[in-house]
Amino acid sequence: MLEQIKKKLAKGNAINREQALYLLTRADLLEVGKLADGLRRAKHPHNRVTFVVDRNVNYTNVCQSECRFCAFYRRADAADAYLLDYQAIFAKIQELVDHGGTQLLMQGGLHPELKIDWFEELFRQLKQRFPGVRVHSLSPAEVIHIAKLSGLSMEECLGRLQSAGLDSVPGGGAEVLVDEVRQEISPNKIGWRDWAAVMEAAHGLGMRTTATMMFGSKEKPADIVEHLFRIREIQARTGGFTAFIPWTFQPANTELGGETASGVEYLKVLALSRIVLDNVENIQASWVTQGARMAQVALFFGANDLGGTMLEENVVAAAGVSFRLSQEEIVEMAREAGFIPAKRSTTYDIITTY
Ligand code: SF4
């Protein structure tokens with residue numbers, strides 16, 4: 001089977017689900033890594049590794065969804081529940097701008113009271129104050145929640161958010177795009193078709209988005225394969241995904257609990273992502289969940305991007321994992337691994353090469 005897969009890839013053809021499952025469950029890690037590395041080098045021959053200077057702003061931790069894998073959310077009456085006001089959000093964005101940042105990743109819980117006017121007014125004011133900041137914010141689950149709360153269709157809601165200043169949508173909340181898995185880990189959250197519908201609607205409006213996968217919880221290998229093919233199929237229709245980001249479930253402080261995926265599992269899934277997603281340009285290494293050393297290794301298993309500098313990160317930190325890296329450390333990390341570090345925009349235009 002491996003020889004068959006190698007031949008297919010060498011001819012530039014896509015592999016099928018059965019072959020992907022073979023690579024994930026039966027093939028040797030280094031063989032899969034070598035294939036992914038070859039594909040990454042062919043797609044990105046300039047030897048550059050990119051990153052974006054960004055900040056997460058988690059505007060609220062109040063969330064009605066109560067996902068079993070999430071250590072971040074709080075019920076509205078919890079002592080440490082919060083909702084940031086506009087001024088607090090602007091102060092955080094000012095810090096981002098002071099650090100030369102370009103991307104705002106604003107995400108929160110599914111708050112029971114925040115309707116579309118709260119977001120429209122926020123984005124309008126934000127764009128006036130910080131015209132150079134790219135608003136890469138809200139996940140598909142938040143868009144659908146805001147739409148329902150405001151009595152709007154999802155498409156109407158997304159269109160209004162875009163008019164107010166939303167530039168692009170991050171692919172958070174994808175977890176695993178198989179409803180049987182979602183039922184187990186996040187029974188109150190949108191199903192995979194809704195996630196896909198928001199992404200396709202965003203692409204239809206000319207927004208670029210990313211796609212993610214959180215694995216290592218309750219899914220089976222075949223679910224990981226299905227997830228990758230579902231992303232691949234959406235991309236074939238719209239071409240709107242800029243990047244794919246696989247990351248691992250962090251069990252501490254969650255209802256679900258259990259173990260996190262091993263480094264070997266992470267690298268295998270990362271490499272498989274590069275191999276299956278031949279129509280997605282960029283594959284991100286997740287140093288936030290894997291740490292800097294593993295992220296360096298990931299650059300030889302298909303990844304070409306180190307994601308954001310994340311001036312602030314609360315969601316993974318709530319699960320007790322807090323890797324922190326400065327812009328200089330990210331540059332050094334890429335350089336030490338033998339690559340040319342480059343600062344990029346949200347849409348992967350190169351801003352500075354180091
Ligand atoms: S993962 Fe998101 S939607 Fe689920 S409980 Fe956490 S904040 Fe809410």
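So here's what we get for this one:
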quantity	calculated
Residue among 34, 7, 11 that is within 27 Å of residue 296 (Cα to Cα), open to solvent by 10 Å² or more (accessible area, probe 1.4 Å) and out of contact with any Leu (no Cβ under 6 Å at 6 or more places or on another chain)	34
Per-region count, segment 270-318, residues polar (S, T, N, Q) and not in a helix (DSSP H, G or I)	7
Some residue of segment 249-263 being in contact with a strand residue (DSSP E or B) (Cβ under 8 Å, 6 or more places away or on another chain), of a type outside the set (Val, Ile, Thr) and not in a loop (DSSP other than H, G, I, E, B)	no
Residue ID - farthest from the ligand (Cβ to nearest atom), chosen from residues in segment 94-105 that are more than 16 Å from residue 316 (Cβ to Cβ) and touching a strand residue (DSSP E or B) at 6+ places or on another chain (Cβ under 9 Å)	100
Residue tally, condition surrounded by fewer than 24 Cβ atoms within 10 Å (Cβ to Cβ), at pLDDT below 95 and not aliphatic (A, V, I, L, M), over segment 264-295	5
Set 210, 242: member being touching a Gly at 6+ places or on another chain (Cβ under 6 Å) and away from the ligand (no atom under 13 Å from the Cβ)	210
Selection from segment 59-83 of residues that are open to solvent by less than 20 Å² (accessible area, probe 1.4 Å) and out of contact with any Leu (no Cβ under 8 Å at 6 or more places or on another chain)	61, 67, 71
Hits in segment 152-191 - residues which are more than 16 Å from the ligand (Cβ to nearest atom), open to solvent by less than 10 Å² (accessible area, probe 1.4 Å) and outside any loop (DSSP other than H, G, I, E, B)	157, 158, 161, 164, 168
Any pair with Cβ under 8 angstrom, 6 or more apart, that starts in segment 1-18 at a residue that is over 16 Å from residue 274 (Cβ atoms) and ends at one that is open to solvent by 80 Å² or more (accessible area, probe 1.4 Å)	1/26
Top-ranked residue in segment 63-80 [being without any contact (Cβ under 8 Å) to a residue 60 or more places away in the chain and more than 21 Å from the chain's Cα centre (by Cα); ranked as farthest from residue 313 (Cα to Cα)]	77
Close pairs (6 angstrom Cβ cut-off, 6 or more residues apart or separate chains): crowded, with 20+ Cβ neighbours inside 10 Å in segment 331-354, part of a helix (DSSP H, G or I) anywhere	333/292; 333/296; 341/331; 341/334; 341/335
Scope segment 59-90; condition part of a loop (DSSP other than H, G, I, E, B), over 12 Å from residue 122 (Cα atoms), of a type outside the set (Lys, Arg) and more than 9 Å from the ligand (Cβ to nearest atom); matching residues	76, 77, 78, 79, 80, 81, 82
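Listed here are the residues, each with its yes/no results for (1) closer than 16 Å to residue 54 by Cβ; (2) open to solvent by less than 10 Å² (accessible area, probe 1.4 Å); (3) within 14 Å of the ligand (Cβ to nearest atom); (4) out of contact with any Phe, Trp or Tyr (no Cβ under 6 Å at 6 or more places or on another chain).
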site	(1), (2), (3), (4)
92	yes, no, no, yes
107	yes, no, yes, yes
111	no, no, yes, yes
117	no, no, no, yes
121	no, no, no, yes
126	yes, yes, no, yes
131	no, no, no, yes
134	yes, no, no, yes
140	no, yes, yes, no
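The values are calculated or read from the model by the stated rules, or taken from the named source; none is laboratory data. Just so you know, these numbers come straight off a predicted model, no measurement behind them. Because the Cβ atoms are built from the backbone with ideal geometry, glycine has one as well, and the counts that use them run over all protein chains shown. We work out accessible area using only protein heavy atoms, side chains counted, and drop any ligands, DNA or RNA first. Shrake-Rupley method; radii C 1.70, N 1.55, O 1.52, S 1.80 Å.
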